[in-house]
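Q: Have a look at this one.
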Amino acid sequence: MMSAVLKFSQEHADFPVIDFLNQSTFDELIAVDLKSDRYRYVYNVDEKYWTPSLEGTYSTFFDHVAHHVIHPDDQPLYRRMADPAVLKQKLDECNGLYNFEFRAPTQDGDWRWCEQYVVGGARQNVPDDLVYYYIYDIQSRKDREEGKGRVPVHARIQLDALTGLPREKDFYTAAETVLADTRINWLLIAADLQHFKLFNEWYGRDLGDRVLSGIGQALGKIAESHDGVAGYMGGDDFALLLPAERFDPNLLYNTIQDVVNSHGAAVGFLPSLGACYSNGSTSIYQLYDEATLACQEAKKDYKTRIVFYSAALVEQTAEDYKVLSDFKDALANGEITFFMQPQCRAINGQIVGAEALARWIKPDGTRIPPISFIPTLERYGFIPDLDRHIWEEVCKWARRSLDKGNPLIPVSVNISPVDIFTMNVTEYFIGLIEKYHLPKSAIKVEITESAYGEDSNKVRDTVQEFRDLGFAVLMDDFGSGFSSLNMLRELNVDMIKLDAYFLRMEEANEKKGMHILESVVNMAKTMSMPIIVEGVETTEQRAYLMSLGCRYIQGYYFYKPMPADQFEALIADPKNVDPQGFTFKFNEEFHIREFLNDDVYSDSMLNHIIGPAAIYAWHGDEIDIVRFNQQFYQTVHVPDFTERLLGIQQYMPEREVPMLREALRQAYADRLNGSSAMLTFNKIDGSSARFLIQFYFLNDDGGSKRFYGSARDVTEIASLQHQMNLLSRFVSRTVLFMTVKAEGCSFEVVAHGLEKAMGVGRAQMEAELNSAQFYKRLIPRNESVLWKLGFKCIDMKESVTQRFMMDGTEEEPLHLVVDADYVEDPLSDVKCILSMRRE
């Protein structure tokens, strides 16, 4: 994707330097000042080519190169394309960017093909009178086109239509040919995009395909520039083979991450890279197995996303595979069972419920600790097998216990995020309840708090489905990461569980742990929600929790986990059971004025509970922020925030200022419910952010009205929804997004209804548009119709239409009409949508 970004070099301060594509991919960068007739080599990799002088007079340089350096057959073209007398005119015609190919001599006297991009003008953010030459070595590409390269063009190799890369079988064929050159130590990288199935579910398969297409194009360019080969292995898996000493895997990681981020994806979709060296091996199958093994290891750690194959990795994997194999046999042999840990009323120890905990007991009585197998099951995605087994075993036991006349004691079972995202978990539970003829109150569902950070919408929907069906839902490990009062309101669970870990901290952190526990307990009280504290072991812990108002505890203080038959014996005695079960003491009313009491809530606790908040003052036409908390400051995240507190309306698009004032008027009129608005604020770097703000009126001091406002950053959501809405208008045509950023402009082919008529696929068309090659298909040739039309639309800020012709699959030229629509959205980098249709 052709783009240019303006940067200033400390080494060459008199020549502003731009970074075109990626600085590590070009071989030479020459800066030319047409006004002073000067040039300078800013970048010359390995001094590969013959260079007359690193700086000097450009007219002299051009004359010498054009007549004595360039290959004689290419000199006429070079003179037409690089003559200083016509440079500015050509740049104006081509929107500041054009390219051409020629042969140049190396230091050794060999001729090598080069491609030169000429960049300049305001369209590319380049100062007046400055021009930049980016020169790329394309000899390997020319060799491949002529069948002379290291990777021969094989007649049977088919490129994947989506990614533009060889599929698995053809990649192996090409890679085997490359590996035959054992003089080179090759590097094979297996790349995988974590949670890509979820990406397709969240954002849609069309956007997922665009991500795969973008990754394919990026890998293809890397392979070409490094004389290697890239392949698409299916799903979200890619492979890249290239000389080891010439490549840093971090470049590939950053490239893939940039592609994903450019499509507005959440931070959880990270690339995982596994790498291995050939070390003389010629077996691509063995190397790919080793690279994928390392890739699996990379998925385990969010900090280390690139892992190299090693013998230690094989040993660990062998141990994991043995655990998985033994676990499979254990399931079949009945070795996997569950223990019960009672949940008790804190004041008297009577049982109100229990939690089912997985246990692995071998026939000889040996117990395998959960820590020895559950993490392995989670890493390899086998945790649903364990969960489904435990769920069914618990239901079997509950049916038998009720048939014996025992009281109904609700048992909670654990549900992992993988369960939610890989199966219809509510439907599965309904099947179990019906199969064993159980009341829904017999089973409680526990979902860990960490699951809510992965996709709150998916989890929220699942929780609501369970509650609508009559199941009680518990949030496990509450307070460990994402907790807030707003999250509790949104998820609407029935009960929360806390870990007494906060009471077992070292002495230096003991007070901090107690404050955290108090904060979470008070937060739950505001929602009138029962709390279970697990891990309680001592008399002191129990007494302290009771002083906070915690009514239910689980832990060694009352009972250790026990086999189901021992639990049955306990509940068979009525003295051990509280028939009322879980209740909440509603007469402990919470008053909002408690927020003002330092003895009840500290500042950090308040920030944790109420989330991002600020106080706004409205006087006349001005709206100021007069108070704000730390959470609000972190959410807004503007470098000069404290300088932008007065007259905040001046940092908004003019058309939205009336929306802000109307939201405040409505909040003033409806003091009980307040009012909300989605508002845009401009940042100092030219970008924008969108916030959903809920306003409540506080008071009127005669000079100004004051409002409380809680804010939520919805920038990414709003931008993605907007682009999807725009796209839905053009599903039957070939549609281009024209993106304009600070670093330049580019095209993205988002729908291609004319693929058959044009005879060019979506990925290829996008690549040609962004390398200016597509215009060779137009009639007349090299007429940059789309660039000119797009910029005309953007400049005029209105829709424009133009007709043109191009070569197609039919004998006659293809007559097309292109409609350009201006996109007026400060949150979107897409500034123009071009839709092409047959005339």
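Q: Go through segment 495-613 and tell me which helices (runs of 4 or more DSSP H), entirely inside it, have 3 or more residues that are modelled with pLDDT of 70 or more and among the hydrophobic types (A, V, I, L, M, F, W, C).
A: Fully inside segment 495-613 and qualifying: 510-526, 539-548, 564-571.
Q: Restricting attention to segment 205-225, does a residue exist that is modelled with pLDDT under 85, surrounded by fewer than 19 Cβ atoms within 10 Å (Cβ to Cβ) and under 17 Å from the mean Cα position of the chain (by Cα)?
A: yes
Q: Search segment 729-745 for residues being in a strand (DSSP E or B) and open to solvent by 10 Å² or more (accessible area, probe 1.4 Å), and hand back the single one that is modelled with the lowest pLDDT. Can you show your working first?
A: First pass over segment 729-745, keeping only residues in a strand (DSSP E or B): 734-741, 744-745.
Next cut, open to solvent by 10 Å² or more (accessible area, probe 1.4 Å) only: 739-741.
On the way: Thr739: 83, Val740: 81, Lys741: 75.
Here the residue is Lys741.
Q: If a residue must be outside any helix (DSSP H, G or I) and either at pLDDT below 85 or within 35 Å of the chain's Cα centre (by Cα) (or both), how many such residues does segment 293-348 contain?
A: In the first step, residues of segment 293-348 are kept if they are outside any helix (DSSP H, G or I); the result is 299-310, 334-348.
Then drop every residue that is not either at pLDDT below 85 or within 35 Å of the chain's Cα centre (by Cα) (or both), which leaves 299-310.
Total meeting the criteria: 12.
Q: Is there a residue being at pLDDT 85 or above, out of contact with any Ser or Thr (no Cβ under 8 Å at 6 or more places or on another chain) and surrounded by 16 or more Cβ atoms within 10 Å (Cβ to Cβ) anywhere in segment 628-643?
A: Start the filter on segment 628-643 by keeping residues that are at pLDDT 85 or above, which leaves none.
No, because not a single residue in segment 628-643 is at pLDDT 85 or above, out of contact with any Ser or Thr (no Cβ under 8 Å at 6 or more places or on another chain) and surrounded by 16 or more Cβ atoms within 10 Å (Cβ to Cβ).
Q: Within segment 142-168, work out how many residues are over 30 Å from the mean Cα position of the chain (by Cα) and either modelled with pLDDT of 65 or more or among the hydrophobic types (A, V, I, L, M, F, W, C) (or both).
A: Adding up the residues that qualify gives 7.
Q: Moving on. For segment 747-761, give me the residue count where each residue is within 24 Å of the chain's Cα centre (by Cα) and modelled with pLDDT under 85. I'd like the intermediate steps shown before the answer.
A: Of the residues in segment 747-761, the ones within 24 Å of the chain's Cα centre (by Cα) are 747-751.
Filter once more, so that each one left must be modelled with pLDDT under 85: 748-751.
Residues meeting the conditions: 4.
Q: Scan segment 65-76 residue by residue and report those that are open to solvent by less than 70 Å² (accessible area, probe 1.4 Å) and either within 43 Å of the chain's Cα centre (by Cα) or more than 15 Å from Glu28 (Cβ to Cβ) (or both). Show your work before the answer.
A: Initial filter on segment 65-76 (open to solvent by less than 70 Å² (accessible area, probe 1.4 Å)): 65-66, 69-71, 74-76.
Scanning segment 65-76 gives Ala66, His71, Asp74, Gln75, Pro76.
Q: Could you tell me which of the residues Arg112, Arg79 is in contact with a helix residue (DSSP H, G or I) (Cβ under 6 Å, 6 or more places away or on another chain), modelled with pLDDT of 85 or more and open to solvent by 50 Å² or more (accessible area, probe 1.4 Å)?
A: Working: Arg112 fails: modelled with pLDDT of 85 or more.
Just a single option satisfies the conditions, and that option is Arg79.
Q: For segment 89-101, state whether one or more residues are without any contact (Cβ under 8 Å) to a residue 12 or more places away in the chain, more than 38 Å from the chain's Cα centre (by Cα) and under 27 Å from Lys831 (Cα atoms).
A: Taking segment 89-101 first, the residues without any contact (Cβ under 8 Å) to a residue 12 or more places away in the chain are 89.
Filter once more, keeping what is more than 38 Å from the chain's Cα centre (by Cα): 89.
Okay, now just the ones that are also under 27 Å from Lys831 (Cα atoms), so 89.
Yes: segment 89-101 contains one or more residues that are without any contact (Cβ under 8 Å) to a residue 12 or more places away in the chain, more than 38 Å from the chain's Cα centre (by Cα) and under 27 Å from Lys831 (Cα atoms).
Q: Could I ask something else about it? Can you tell me how many residues within segment 91-103 are crowded, with 16+ Cβ neighbours inside 10 Å, over 17 Å from Asp74 (Cβ atoms) and of a type outside the set (S, T, N, Q)?
A: Within segment 91-103, residues that are crowded, with 16+ Cβ neighbours inside 10 Å, over 17 Å from Asp74 (Cβ atoms) and of a type outside the set (S, T, N, Q) number 4.
Q: Right, next: Filter segment 173-204 down to residues that are open to solvent by 10 Å² or more (accessible area, probe 1.4 Å), under 17 Å from Cys295 (Cβ atoms) and at pLDDT 85 or above, then give me how many there are.
A: As a first pass, look at segment 173-204 and keep what is open to solvent by 10 Å² or more (accessible area, probe 1.4 Å): 173, 176-177, 180-185, 192, 194-198, 200-204.
Filter once more, keeping what is under 17 Å from Cys295 (Cβ atoms): 192, 194-197.
Cutting the leftovers down to at pLDDT 85 or above gives us 192.
Selection size over segment 173-204: 1.
Q: Based on what the data block shows, is Arg762 farther than 17 Å from Glu839 by Cβ, in contact (Cβ under 8 Å) with a residue 60 or more places away in the chain and open to solvent by 20 Å² or more (accessible area, probe 1.4 Å)? Full working, then the answer.
A: Details: farther than 17 Å from Glu839 by Cβ: yes; in contact (Cβ under 8 Å) with a residue 60 or more places away in the chain: yes; open to solvent by 20 Å² or more (accessible area, probe 1.4 Å): yes.
Yes: the conditions hold for Arg762.
Q: Mind checking which residues of segment 778-797 are within 15 Å of Tyr98 (Cβ to Cβ) and open to solvent by 90 Å² or more (accessible area, probe 1.4 Å)?
A: Of everything in segment 778-797, those that are within 15 Å of Tyr98 (Cβ to Cβ) and open to solvent by 90 Å² or more (accessible area, probe 1.4 Å) turn out to be Arg781, Asn782.
Q: Kindly check whether there is at least one residue in segment 666-675 that is at pLDDT below 80 and within 26 Å of Ala218 (Cβ to Cβ). Give the steps one after another, and end with the answer.
A: Taking segment 666-675 as the starting set, the residues that turn out to be at pLDDT below 80 are 672-673.
In the following step, the residues that additionally are within 26 Å of Ala218 (Cβ to Cβ) were identified as none.
No, segment 666-675 has no match at all.
Q: Taking only segment 765-792 into account, find how many residues are in contact (Cβ under 8 Å) with a residue 40 or more places away in the chain and not in a loop (DSSP other than H, G, I, E, B). Give the steps one after another, and end with the answer.
A: Going through segment 765-792, the residues in contact (Cβ under 8 Å) with a residue 40 or more places away in the chain turn out to be 766-767, 770-772, 784, 786-791.
Still in the running and not in a loop (DSSP other than H, G, I, E, B): 766-767, 786-791.
So the answer is 8.
Q: Out of the residues in segment 265-285 that are open to solvent by 50 Å² or more (accessible area, probe 1.4 Å) and either of a type in the set (A, V, I, L, M, F, W, C) or modelled with pLDDT of 85 or more (or both), state the one that is nearest to Thr177 (Cα to Cα).
A: First pass over segment 265-285, keeping only residues open to solvent by 50 Å² or more (accessible area, probe 1.4 Å): 267, 277, 279, 282, 285.
Narrowing the set further to residues that are either of a type in the set (A, V, I, L, M, F, W, C) or modelled with pLDDT of 85 or more (or both) leaves 267, 277, 279, 285.
Working: Val267: 38, Tyr277: 16, Asn279: 16, Tyr285: 13 Å.
Filtering first and then ranking leaves Tyr285.
Q: Which number in (1) of a type outside the set (Val, Ile, Thr); (2) surrounded by fewer than 19 Cβ atoms within 10 Å (Cβ to Cβ); (3) in contact with a helix residue (DSSP H, G or I) (Cβ under 7 Å, 6 or more places away or on another chain); (4) under 17 Å from Ile138 (Cβ atoms) marks the one condition that Pro84 misses?
A: Going through the list (1) of a type outside the set (Val, Ile, Thr); (2) surrounded by fewer than 19 Cβ atoms within 10 Å (Cβ to Cβ); (3) in contact with a helix residue (DSSP H, G or I) (Cβ under 7 Å, 6 or more places away or on another chain); (4) under 17 Å from Ile138 (Cβ atoms), Pro84 breaks only (4).
Q: Also, quick follow-up: Does Ser719 satisfy being surrounded by 17 or more Cβ atoms within 10 Å (Cβ to Cβ), among the small types (Gly, Ala, Ser) and modelled with pLDDT of 75 or more? Step through it out loud before you land on a result.
A: On the way: surrounded by 17 or more Cβ atoms within 10 Å (Cβ to Cβ): yes; among the small types (Gly, Ala, Ser): yes; modelled with pLDDT of 75 or more: no.
When the stated conditions are applied, Ser719 does not pass them.
Q: For residues in segment 52-64 being open to solvent by less than 60 Å² (accessible area, probe 1.4 Å) and of a type outside the set (S, T, N, Q), which is nearest to Gly109 (Cα to Cα)? Quick ask: steps written out before the conclusion?
A: The initial filter retains those residues of segment 52-64 that are open to solvent by less than 60 Å² (accessible area, probe 1.4 Å), namely 52-53, 56, 58-59, 61-62.
Next, only the ones that are of a type outside the set (S, T, N, Q) stay: 52, 56, 58, 61-62.
On the way: Pro52: 14, Gly56: 23, Tyr58: 23, Phe61: 19, Phe62: 20 Å.
Among those residues, the one meeting the criterion is Pro52.
The values are calculated or read from the model by the stated rules, or taken from the named source; none is laboratory data. Remember, predicted model here, so these are calculated numbers, not experimental data. Glycine gets a Cβ as well: all are built from the backbone with ideal geometry, and neighbour counts include every protein chain shown. Accessible surface is based on the protein model in full, side chains and every heavy atom, while ligands, DNA and RNA are left aside. Shrake-Rupley method; radii C 1.70, N 1.55, O 1.52, S 1.80 Å.
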